[in-house]
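These notes concern the structure reproduced below.
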Amino acid sequence: MKGLRVVLILMLMAGLTLALPLAALAQQMPNPREMSGVPLPVADVPQGTVTVRVIRGNFDKPIVGQPVEFTIDGKVRVDKTDASGRAQVSGLKPGTRLTAVTTVDGERLVSQAITIANSGIRVALVATDPEATRRAEDDRRLAAGPAVPGTVVFGPQTRVIAEFNNDRLNVFYMIEIVNTARAPVDIGRPILLDLPREARGAGLMQGSTPQATVNGPRVTVLGPFAPGVTSVQLGFELPFSGDAAHLRQVWPVTLQSMNLVVGQTGPMDFRSAQLTERRNIPGPQPAIAATGPAIAAGQALDLEITGLPHHPMWPRNLALGLAGVIMAIGIWAAVFTSPRRRAA
């Protein structure tokens, strides 16, 4: 599992998400309310400049003409936001301390204390969006209501990860079952995911929904499915012989995009006609990341992992051959004994 964690971290550092659809990127963006007032040193703002952006709920709703009060080493200065919702102060010397404050519809928004260093700084002050609040309340009400007929997909952040560890090829599925409706949906049946017939020791990992169970090579996920993402994370061993392993996985529902990460040990690589883009992830645990288009329900991912470390087979075959010869000699000696030994 340690190797898996390293591969995941390296995958994120390498920016694999840049290859994902915009919907996936939107899911990964932090909530602006959680960022409100937090100073972020950045390279695209001149040193000694602090820019404050005032928004209502999200970055697509800037507040124009809003007074922002800067307190700079105890002295107050007021600047109004421009068409993009930004107010700024410039020419500040290193060590200067300041805060930014504004009040939107009676809601006071205050930045954390800022100390000027060797870069420019961006700050967002995020006011409550009444429309978003009302929608969130409606979403909570609908989510708590009865399930409605609908469909789900395996979302664009679903990933297949393979790593070689302790002479074993381990495969992990990080599955996100996505319900885009605002209410729970009932698809009329459980999701049945049949793992490759060679799979051994399949089990769920921490973070999986309690709706999922594993029985041998079959994974069952019961509905109904709540709005948003239902996570199923599992792993299994994929036996192989020689230096290659074949993985064929049929998906029971549509997979919106194929994302693969293979941790590299020695010359490990992979082949699949369904993976159209790939990149190398350097680091202490190098890996290869690849993406491909959607796979429809009932269709399969076909993947061959090559260059697997393995022990040569000839010593084992030689030992088995010698054992067979010795056994044959013993049988011959027991059956075809000489007349003298038979008489005795």
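For A297, list long-range residues whose amide hydrogen, built 1.01 Å from N in the peptide plane, is under 5 Å from its own amide hydrogen.
T254, L255
Within region 48-84, which residues have the backbone N less than 12 Å from the label spot 7 Å out from S90 along Cα→beta-carbon, could you tell me?
48-51
Could you state the principal axis extents of the C-alpha atoms in region 52-102, from the largest down, to the nearest angstrom?
33, 17, 16
Could you line up V253, V123 from fewest to most neighbouring Cβ atoms inside 10 Å?
On the way: V253 20, V123 25.
So the ranking, lowest neighbour count to highest, is V253, V123.
Given R₀ = 25 Å, FRET efficiency for R77-D105 by Cβ-Cβ distance, to 0.05? Present the calculation step by step, with values, prior to reporting the outcome.
On the way: r = 23 Å, r/R0 = 0.92.
Once the sixth-power term is evaluated, E becomes 0.60.
Using the alpha carbon gyration tensor of region 173-214, what are the three equivalent-ellipsoid semi-axes (square root of 5 times each eigenvalue), largest first, in whole Å?
Working: eigenvalues 111, 33, 17 Å².
In descending order, the three semi-axes are 24, 13, 9 Å.
Hey, with R₀ at 45 Å, roughly what FRET efficiency would Q112 and D243 work out to, going by the Cβ-Cβ distance, to 0.05?
On the way: r = 55 Å, r/R0 = 1.22.
About 0.25, to the nearest 0.05.
Per residue of region 81-92, in order, report the coupling 6.51 cos²θ - 1.76 cosθ + 1.60 (Karplus, θ = phi - 60°) as ³J(HN,Hα) in whole Hz, putting x for Gly and Pro.
For region 81-92, the Karplus curve yields 6, 8, 5, 9, x, 10, 10, 8, 10, 9, x, 7 Hz.
Which value results when the Cα radius of gyration for region 35-128 is divided by 2.2 N^0.38 Å?
Details: Rg = 12.1 Å, N = 94, 2.2 N^0.38 = 12.4 Å.
Against the compact-globule rule of thumb, the ratio is 0.98.
Calculate the spin-label point distance for N215 paired with A294, positioning each point 7 Å from the Cα along the beta-carbon direction, and give it in nanometres.
3.2
Rule-based calculations on the coordinates, nothing more; no lab input. Please read these numbers as outputs of a predicted model, since none were measured by experiment. Glycine also receives a Cβ, built like all others from the backbone with ideal geometry; neighbour counts cover every protein chain displayed.
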